[in-house]
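The structure appears below as structure tokens.
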Amino acid sequence: MFKAMIQLFPLTLGGCVVGAVAQTAVDVVTLPVKAVSAGVDAATTSQSEADEKRGREIRKAEEDRGRQLRLTEDRCRKGRPLPADDCSSYRPR
């Protein structure tokens, strides 16, 4: 009788202990898959991410070019152009 009670004891604990053990087992088994998946995701770039990055690079280059043109125009207007400045296209206002 004592042996039967010991065998039935885990059943009286309810599903919480059994569920916790099962969930832990699932977590241990799926952990390597999740780790590999995260590594692959970090190592690859989606097309939309690549497009966004390229767009940022283009906007930055355009901003830099505009900044340089404004500086060149300012130097030409003040009469102190650098040797590389092309003041022939500058029209005083």
* **Protein-only accessible surface order, largest first, of C87, C76 at 1.4 Å** => C87, C76
* Going by a ≥ b ≥ c, the root eigenvalues of the Cα gyration tensor, does the range 30-69 fall in the rounded group (a/c under 1.5), the prolate group (a/b larger than b/c) or the oblate group? -> prolate
* To do: Compute, for T44, the solvent-accessible surface of its heavy atoms (probe 1.4 Å) with the complete set of protein chains present, and express it in square angstrom to the nearest 10.
  => 80
* If you take the beta carbon distance between R70 and S46 as r and set R0 to 41 Å, what does 1/(1 + (r/R0)^6) give as a FRET efficiency, to the nearest 0.05? -> 0.70
* To do: May I ask for the net charge around L69, where only other residues with Cβ less than 13 Å from the Cβ of L69 are counted and Lys, Arg are +1 while Asp, Glu are -1?
  => -2
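The values are calculated or read from the model by the stated rules, or taken from the named source; none is laboratory data. Computed from a predicted model, the values in this text were never measured in an experiment. Virtual Cβ from ideal backbone geometry, glycine too; neighbours counted across all protein chains shown. Only protein heavy atoms, including side chains, enter the accessible area calculation; ligands, DNA and RNA are left aside. Shrake-Rupley method; radii C 1.70, N 1.55, O 1.52, S 1.80 Å.
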